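Step one of this worksheet: look at the structure below.
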Amino acid sequence: MLPLHSPRLRLRRFAPNDLRRFIEYRNDSEVARYQGWDACTQDEAAAFIRTQAAQGPGIPGQWLQIAIALRETDQLLGDCGLKVHARDPRQATLGVTLARPHQRLGYATEALTTLFDYVFGTMNLHRVVADTDPQNTSSWRLLERLGMRREGHTMRSLWFKGGWADEYLYAILADEWLRRADCAPPFSR
């Protein structure tokens with residue numbers, strides 16, 4: 001599966017030399033604000049990188065965290081996650097995290113477009129879902145730019161960082177993505 005390439009990015013496995021940059025963005029409180037983690041120690045980050053470097057792609061029920069790096073320099077910018085559903089391996093959940101200096105530059109759109117091309121075109125998945133906090137405007141706007149449809153808004157449905165949080169639920173079907181991809185600029189194909 002990996003690496004995958006787009007004009008500016010390389011989606012690849014994590015490597016030991018990603019440790020410093022990974023720790024930097026995972027310990028940034030603004031980056032972690034809407035994530036399921038708050039921070040990580042150097043030992044936790046090193047263990048995470050070792051585990052993800054060896055993680056098989058598309059194993060139902062297991063998250064695969066994919067490093068997002070600049071194609072020219074291989075500098076780590078962030079990561080995206082893909083979890084094929086255990087109950088139905090034709091469906092998956094995804095997420096994305098970028099270090100603050102690399103946000104709002106189109107990298108998340110480019111990375112997820114590349115990932116969607118792969119999961120729908122090569123893995124032949126049927127449906128991909130994502131969820132986000134309604135207050136995370138950048139996230140839900142990204143999902144909508146990618147053609148994902150908001151399928152729900154759950155109210156105070158998630159106990160998150162000491163309080164109840166709402167969630168927006170998004171999804172896109174393979175045929176919707178492939179039809180959209182036929183009409184989209186081919187920057188990642």
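All of the numbers you see were taken from the coordinates with simple rules; none came from a lab. Being a predicted model, the structure only gives us computed values, none of them experimental. Because the Cβ atoms are built from the backbone with ideal geometry, glycine has one as well, and the counts that use them run over all protein chains shown.
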For this session: Please build a GNM for the chain, connecting alpha carbons under 10 Å apart, and tell me which residue among 12, 104, 26 fluctuates the most.
Result: 104
For this session: For the stretch 1-99, just the Cα atoms, rotate onto the principal axes and tell me the three extents in Å, largest first.
Result: 35, 31, 23
Exercise. Going 7 Å from the Cα of residue 161 toward and past its Cβ, which residues in the stretch 26-49 have a backbone nitrogen under 18 Å from where you end up?
Worked result: 26-41
Exercise. Non-local amide H neighbours of residue 96 (under 5 Å, H modeled in plane, Pro and chain starts lacking H): which ones?
Worked result: 81
Exercise. Based on the Kirkwood radius over alpha-carbon pairs, what is the Stokes-Einstein translational diffusion coefficient of the stretch 4-183 at 4 °C with 1.567 mPa s viscosity, in µm²/s?
Worked result: 77
For this session: Once you have the Cα-Cα distance between residue 62 and residue 126, take 0.36 nm times their residue separation minus that, and quote the gain in nm to one decimal.
Result: 21.3 nm
Problem set entry | Low-density loop positions, trypsin sites (Lys or Arg not before Pro), the stretch 53-99 - DSSP coil, at most 16 other Cβ in 10 Å | 71, 87, 90
For this session: Would you work out the charge dipole size for the chain about its Cα centre, treating the Cβ of every Lys and Arg as +1 and the Cβ of every Asp and Glu as -1, and quote it to the nearest 20 debye?
Result: 260
